[in-house]
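These notes concern the structure reproduced below.
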Amino acid sequence: MTKRVAVIVFPGSNCEQDAVLALRYLGADPHYVFHRDTNLAGFDAVVVPGGFSYGDYLRTGAIAAFSPVMESIRDFAVTGGPVVGICNGFQILCEAGLLPGALRRNAGLKFRCLPVDIRVETNETPFTRMSVQGDVLEVPINHFEGNYYCDKGTLQQLEDEDRIVFRYVNNPNGALADIAGIVSAGRNVLGMMPHPERAVDPAVGGTDGQVIFSSMLAGSLA
Amino acid sequence: MTLTADEFERIKVILGREPNEAELAMYSVMWSEHCSYKSSRIHLKNLPSHGPHVLVGPGEGAGVIRVDDIAVAIRLESHNHPSFVEPVQGAATGIGGVVRDVLSMGARPIALLDPLRFGPLPTEGRVEPEVAERNRFLVEGVVSGISSYGNCLGIPTVGGEVTFEDCYSGNPLVNVMCIGVASIDAIRSATAEGPGNKVLLLGSKTGRDGIGGVSVLASATFDEAAADKRPSVQVGDPFTEKLLIEACLEMMQAGLAVGVQDLGGAGLCCATSETAAKASTGMNIDLDQVPRREPNMQPFELLTSESQERMLVIVAPANVGAALAICEKWELNASVIGEVTDTGQLVVTQNGMVVADVPAASLGDGPLYDRPATKPAWIDVLQDEDVTSHPPTEMGKALLELISSPNIASKHWVWEQYDHQVMLGTVVKPGVDAAVLRLPGAKSRLAVTTDANARFCFLDPYLGAKHCVAEAYRNISALGATPVAITNCLNFGSPEREEVMWQFIEAVKAIGEACLVLGTPVTGGNVSFYNETGTTAIYPTPVIGMVGVLAEGIEPRPMGFMNEGDVVVCIGHTEAELGGSEYARTLLGKVAGRIPALDLGLEVARADVVRAAIAKGILSSCHDISEGGLAVALVEACVFAGKGATIHPENHLAAHEWLFSETASRYLVSLKEKDLDALGEVEMTVLGKVEGDTLVIEGILEVTVDELAGCYRDAFAKAMGYHAR
């Protein structure tokens, strides 16, 4: 059955069209959900796309985290629905408390847009179940604030609970423990800085990002 | 304010009385060089502007061409002076302006390109250390401004140039090109049709920033007090710009907008008078309804402020509610500030009092000058200088020095700070001859490039400007696409100097002739005069923005060698033409000599051969040969995929002439030997083979691809003071 996916749009989002294109390419049925809407009924998954919600003013993701739709996403996640936050989406999920930690400015204090290699650290998530642990995926990054940080206890917990999903092979931004993506304790909320939607259509950026969406679309978390 | 006594008299005739303060300010900005093109109009009118692809030619917010069944808008603008005064905000707001120009045509902006020119960096040792340090600071600031503004908008920056010449130390060039797409019936002219229709002002509040920017900054040269002009630079808010894009497109798609015009140079005064003049209507504007950032703003300030991120939208009375609802959805300020009338007058009121009442069309109908022009005496002297009889002692070392020049070295340090992928349309990414974009709604793809060889134009404005068009044509053709149109940004010194005016006239004439032969009509352009500090003008720098169509089914080839064993071929014939070359500049420290000849007929014939070969799928790689000559093209082809080559030298020329001459109309391609005959009738030389991990030019030089790559890839970051990543 075709999966219905909600792609959230905040003022300043700019990767929502790309997420929709990528999801359609993979056979899903994506729909834009404006941030003031609160109805996520009937959706099988939620994508919080990248961009500059509210212009990154105050802090990246800080204002979007208080949008009406975030409560609905929280409820959706509590019931086990898969949620993926990409780039600014990751930052928003951290600000909203759906994921631990924060994204700081890149160590080099420069915006970086380039393909990077990330290693799949666990395939026991709804987003990597179709990949193999140790697989290396080439997926573009595109951020100024992608330098993941959390306190020692949280890092220990992420490691102990096998919640670090992706690590950079060559760390491009100074992220703690090379972290490129993590999941929530329930394993159904993924935040990642690289843009898998940019690595779905071979005409524009390779296909290594497909496995992440395909895994998500393959079924609900058992 | 910069009106002359004659111009003031003319205003008195138009009004039948003396203008008041607000009116004087309005004429002053609208009749500035930047807004009125008063020194350039009589020359620009001769440019060819018609062609099978052209839907909208010069005179609108952007030119529009047809590709398959959709419309593509193109526009190239300058933001040179603001970027020198305040590089981050200057570059950022330059993007904002060109994006709104494209938006005003009804098109969604889908790509940006940034042709940038600066004075030399510290590592080059060409200028005083403090000057070089300031140049470095400007590069850092401009790139960061483009990065922060363009990336936030979600419009990919897919190309451009970054080049360095001594003349830009006192006046860098920050140009920006925007591409937009729309369905053909969505393309609109920015007009205020229909008396009774309401005038909406959308976006940011109006402040005291950028007052008189077009006259204070863009239409005057710099002196020591440049920093004092900082209040004339606007501050950008890309978030509001992004909301403006979405809200305006939503209004246009819903059929709510009669006309849409951006507020750029000369602000509200320009947007209201232009839209009214185009529709032969008038307009009443109530300044009390203009949302503002600070109290007590005078009428002339509200009318000429260049506060960014504002659009004017003309809406039928019945649709005002729906239009405002869209603004509310996007959390955007919007207010009804006036009404279209049938009087032909632009009438501005504040506190119920009329503060300005002028014929709307008269503001755009500025003076026209045919300024005197004289050929500069130094041209012949420089052309006669010898740049050929100084071969380097060691050719390998010379090559490494050349590819480490900030002009030649890879600019990935720059374009990796730009989001060049968003919108999932970038098929060919930055760092090669031209970018290739998918177009939503079309099967063909768009190839796009910007190009200017300012050294050539300095030494010979006429032939040099032809080279600018031809090189852009070659860039597009190297990707297999057919060039169909250009836009341009003509950056020159002060038109009040006869030598500059001569350069301008020669260049415009040449562009027109080249575009006619190459089949690329001029869809619009921008003139940026007064690019000089003190008495030093920049090199004449006509930047050409060219677009081409890549038909469905044709796959562009990479610029680098891909397959071991392929033969390496130079299409075209190399002459001893080192005049104006990167070799002469970087290794001899000379900008001199006679620049290469150019035969536009040959240019077309060879491009046809290259395009046909790409369409047939027989080329493994294709790269145009330009700055740095054959040697640099070989390095770039080797470094691209890490493959070496063995090359047999041609011996009709001295080695350095053969390697570094910038002879026109040449391509470096690689292909299977068996396919050589399929290339067809064309002058070419088989140079050697793709093989190994070293570039071997027999008897001349041998350098490993690793070493070449190290220099080529890291030199720019090092010159910027960063350690290579």
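Brief remarks on what is shown
- Condition broken by B:Ile155, with the remaining ones in (1) part of a loop (DSSP other than H, G, I, E, B); (2) modelled with pLDDT under 95 satisfied: (2)
- Meets criteria (more than 14 Å from chain B (Cβ to nearest Cβ), assigned to a strand (DSSP E or B) and either without any contact (Cβ under 8 Å) to a residue 12 or more places away in the chain or within 12 Å of the chain's Cα centre (by Cα) (or both)) for A:Leu190: yes
- The residue that is farthest from the other protein chains (Cβ to nearest Cβ), counting only those in region B:403-455 that are assigned to a strand (DSSP E or B) and under 24 Å from B:Ile538 (Cα atoms), is B:Asp451.
- Whichever residue in region A:1-23 is among the charged types (D, E, K, R) and touching a helix residue (DSSP H, G or I) at 6+ places or on another chain (Cβ under 6 Å) and, among such residues, is farthest from the other protein chains (Cβ to nearest Cβ): A:Lys3
- Each residue in region B:7-57 was checked for being under 27 Å from B:Ser305 (Cβ atoms) and of a type outside the set (A, V, I, L, M, F, W, C), and 20 of them qualify.
- Within region B:255-264, being of a type outside the set (A, V, I, L, M, F, W, C) and crowded, with 24+ Cβ neighbours inside 10 Å holds for B:Gly259, B:Gln261, B:Asp262, B:Gly264.
- Look at (1) within 14 Å of chain B (Cβ to nearest Cβ); (2) farther than 20 Å from A:Ala218 by Cα; (3) of a type in the set (A, V, I, L, M, F, W, C) and you find that A:Leu26 fails only one, number (2).
- Any hit, region A:156-178, residues being surrounded by fewer than 20 Cβ atoms within 10 Å (Cβ to Cβ) and among the hydroxyl-bearing types (Ser, Thr, Tyr): no
- Of residues in region A:54-63 being touching a residue at least 12 places away in the same chain (Cβ under 8 Å) and at the interface with chain B (Cβ under 9 Å from one of its Cβ atoms), the one surrounded by the fewest Cβ atoms within 10 Å (Cβ to Cβ): A:Gly55
- Long-range neighbours under 7 Å by Cβ, at least six apart or interchain, first residue touching a residue at least 40 places away in the same chain (Cβ under 8 Å) and of a type in the set (Val, Ile, Thr) within region B:574-592, second assigned to a loop (DSSP other than H, G, I, E, B) and buried (at least 22 other Cβ atoms within 10 Å of the Cβ): B:Thr574/B:Ser661; B:Thr574/B:Thr663; B:Thr574/B:Arg666; B:Thr586/B:Ser405; B:Val591/B:Gly580
- Of all residues in region B:15-36, those that are within 36 Å of the chain's Cα centre (by Cα) and surrounded by fewer than 19 Cβ atoms within 10 Å (Cβ to Cβ) total 2.
- For A:Leu158, the criteria (1) hydrophobic (A, V, I, L, M, F, W, C); (2) more than 27 Å from B:Asn151 (Cα to Cα); (3) part of a strand (DSSP E or B) hold in every case but one, which is (3).
- For region B:620-725, the helices (runs of 4 or more DSSP H) that sit wholly inside it and include 1 or more residues that are in contact (Cβ under 8 Å) with a residue 40 or more places away in the chain, under 22 Å from B:Leu587 (Cβ atoms) and over 31 Å from the mean Cα position of the chain (by Cα) are B:655-660, B:705-719.
Residue-wise test of (1) in contact with a Leu (Cβ under 7 Å, 6 or more places away or on another chain); (2) buried (at least 17 other Cβ atoms within 10 Å of the Cβ); (3) without any contact (Cβ under 8 Å) to a residue 60 or more places away in the chain; (4) of a type in the set (Asp, Glu).
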residue	(1), (2), (3), (4)
B:Trp378	no, no, yes, no
B:Gln383	yes, no, no, no
B:Ser389	no, no, yes, no
B:Ala398	yes, yes, no, no
B:Ser410	no, yes, no, no
B:Trp413	no, yes, no, no
B:Glu416	yes, yes, yes, yes
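- For region A:71-88, a residue qualifies if it is within 12 Å of the chain's Cα centre (by Cα) and away from chain B (no Cβ under 14 Å), and the qualifying residues are A:Pro82, A:Val83, A:Val84, A:Gly85.
- Candidates A:Val165, A:Val211, A:Val204, A:Val136: the one that is closer than 26 Å to B:Pro156 by Cα, in contact with an Asp or Glu (Cβ under 9 Å, 6 or more places away or on another chain) and β-branched (Val, Ile, Thr) is A:Val211.
- Set B:Leu121, B:Leu112: member being touching a residue at least 60 places away in the same chain (Cβ under 8 Å) and either more than 14 Å from chain A (Cβ to nearest Cβ) or within 27 Å of B:Lys590 (Cα to Cα) (or both): B:Leu121
- Filtering region B:610-654 to residues that are of a type outside the set (A, V, I, L, M) and in contact with a Pro (Cβ under 9 Å, 6 or more places away or on another chain) leaves B:Ser620, B:Ser621, B:Cys622, B:His623, B:Phe640.
- Candidate set: region B:279-327, residues that are of a type in the set (Val, Ile, Thr), assigned to a helix (DSSP H, G or I) and more than 14 Å from every other protein chain (Cβ to nearest Cβ); chosen: the one farthest from the chain's Cα centre (by Cα): B:Val320
- With respect to (1) in contact with a strand residue (DSSP E or B) (Cβ under 8 Å, 6 or more places away or on another chain); (2) within 11 Å of chain B (Cβ to nearest Cβ), the lone exception for A:Asp135 is condition (2).
- Pair list, Cβ under 7 Å, 6 or more apart: region A:194-215 residue under 13 Å from B:Lys429 (Cβ atoms) and within 10 Å of chain B (Cβ to nearest Cβ), other residue part of a helix (DSSP H, G or I) and of a type in the set (A, V, I, L, M, F, W, C): A:Gly205/A:Ala199
- Answer residue from region A:95-115, given it is free of Cβ contacts under 8 Å to residues at least 40 places away in the same chain and more than 9 Å from chain B (Cβ to nearest Cβ) and is farthest from B:Val88 (Cα to Cα) among those: A:Gly97
- Hits in region B:124-168 - residues which are among the hydroxyl-bearing types (Ser, Thr, Tyr) and either touching a strand residue (DSSP E or B) at 6+ places or on another chain (Cβ under 8 Å) or at the interface with another protein chain (Cβ under 10 Å from one of its Cβ atoms) (or both): B:Ser144, B:Ser147, B:Ser148, B:Thr157, B:Thr163, B:Tyr168
- Region A:29-53 - residue that is closer than 16 Å to A:Cys87 by Cβ and touching a Phe, Trp or Tyr at 6+ places or on another chain (Cβ under 7 Å) and, of those, nearest to the other protein chains (Cβ to nearest Cβ): A:Phe52
The values are calculated or read from the model by the stated rules, or taken from the named source; none is laboratory data. Quantities reported herein were computed from a predicted structural model and do not represent experimental measurements. Heads up, the Cβs are rebuilt from the backbone with ideal geometry, glycines too, and the neighbour counts pull from every protein chain shown.
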